[in-house]
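K.L.:
Submitted below is the structure of interest, expressed as structure tokens.
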Amino acid sequence: MRKVLISGCLLGKKVRYDGGALAVADQIVERWRSEGRIVSVCPEVEAGMSIPRPPAEIFNGSGESVLNGEVDVIEKDGGKVTNDFLAGASIALNLCRKFDISIAVLAEFSPSCGSSAIYDGSFSGKKVPGMGVTAALLREHGVQVFNQYKIAEADKALIGKSV
Ligand code: SF4
């Protein structure tokens with residue numbers, strides 16, 4: 001039974017920077033849950049960051065540029081949290097390796113989990129195309145990353161790979 005990696009906040013876990021969740025009510029996710037397919041991760045919390053924690057954004061770049069050491073992840077008050085984000089991404093990748101996971105559903109717009117768009121680093125609410133650090137690392141290693149708006153597509157990809 002193929003497993004799928006899912007952002008903990010999408011599963012209703014209160015792990016977001018503001019102490020909240022981003023729970024999705026979705027029949028496919030419920031089926032995955034009953035089939036025992038779900039592996040949950042919150043890269044930031046797994047890396048030891050607190051709940052709540054200051055909001056953070058990738059400054060002038062995206063997840064790939066963080067992985068390349070070109071830009072940093074910065075908290076709103078100026079603290080540099082790049083290493084925490086890199087550690088969280090590694091933990092997520094290790095989970096994929098441990099459970100032979102090649103499909104992930106991660107929360108859009110997050111500097112860790114975003115897979116199509118993220119905030120631009122100005123803390124003004126402006127979004128730009130790009131990936132978070134975890135999404136970028138997983139994709140670099142062949143994991144297909146979807147967001148919470150593409151769960152049906154993720155399911156198709158999962159079923160296509162299932163044995
Ligand atoms: S790091 Fe990912 S799983 Fe954790 S709260 Fe942010 S979006 Fe959700």
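K.L.:
Which members of region 1-34 meet the condition of being out of contact with any Cys (no Cβ under 7 Å at 6 or more places or on another chain), in a strand (DSSP E or B) and near the ligand (Cβ under 9 Å from one of its atoms)?
P.N.:
Step one: filter region 1-34 for residues out of contact with any Cys (no Cβ under 7 Å at 6 or more places or on another chain), giving 1-4, 6, 10-12, 14, 17-20, 23-34.
Still in the running and in a strand (DSSP E or B): 4, 6.
Correct list: I6 only.
K.L.:
Can you find even one residue in region 125-146 that is out of contact with any Cys (no Cβ under 8 Å at 6 or more places or on another chain) and under 19 Å from V24 (Cα atoms)?
P.N.:
Here is the first cut: in region 125-146, the ones out of contact with any Cys (no Cβ under 8 Å at 6 or more places or on another chain) are 125-131, 133, 136-137, 139-140, 142, 144-146.
Still in the list and also under 19 Å from V24 (Cα atoms): 145-146.
Yes, that holds for at least one residue.
K.L.:
May I ask you to verify whether F99 is of a type outside the set (K, R), within 18 Å of D18 (Cα to Cα) and surrounded by fewer than 24 Cβ atoms within 10 Å (Cβ to Cβ)? Working first, answer last.
P.N.:
On the way: of a type outside the set (K, R): yes; within 18 Å of D18 (Cα to Cα): no; surrounded by fewer than 24 Cβ atoms within 10 Å (Cβ to Cβ): yes.
In short, no.
K.L.:
Here's something else I'd like to know. Considering (1) more than 12 Å from the chain's Cα centre (by Cα); (2) at positive phi; (3) within 13 Å of the ligand (Cβ to nearest atom), say which one F109 fails and leave the rest.
P.N.:
(1)
K.L.:
Mind telling me which of the residues D77, D100 ends up being modelled with pLDDT under 95 and either among the acidic types (D, E) or closer than 17 Å to L11 by Cβ (or both)?
P.N.:
Values: D100 fails: modelled with pLDDT under 95.
That would be D77, the only listed residue that is modelled with pLDDT under 95 and either among the acidic types (D, E) or closer than 17 Å to L11 by Cβ (or both).
K.L.:
Among residues belonging to region 35-57 that are under 27 Å from G78 (Cβ atoms) and more than 10 Å from the ligand (Cβ to nearest atom), point out the one that is surrounded by the most Cβ atoms within 10 Å (Cβ to Cβ).
P.N.:
Only one residue tops the list, namely E57.
K.L.:
Could you grab the pairs with beta carbons closer than 6 Å, sequence gap of 6+ or different chains, first residue in region 1-26 and among the basic types (K, R), second one more than 11 Å from the ligand (Cβ to nearest atom)?
P.N.:
R2/L158; R2/K161; R2/S162; K3/R37; K3/V39; K3/F99; K3/I101
K.L.:
If you take the residues of region 58-74 that are among the small types (G, A, S) and surrounded by fewer than 20 Cβ atoms within 10 Å (Cβ to Cβ), which of them is modelled with the lowest pLDDT?
P.N.:
Taking region 58-74 as the starting set, the residues that turn out to be among the small types (G, A, S) are 61-63, 65, 69.
With surrounded by fewer than 20 Cβ atoms within 10 Å (Cβ to Cβ) added as a condition, the list becomes 61, 65, 69.
Details: G61: 95, S65: 98, G69: 98.
Selected residue: G61.
The values are calculated or read from the model by the stated rules, or taken from the named source; none is laboratory data. Keep in mind that this is a model prediction, so the values were computed, not measured. Ideal geometry is used to build each Cβ from the backbone, glycine not excepted, and the neighbour counts take in all protein chains shown.
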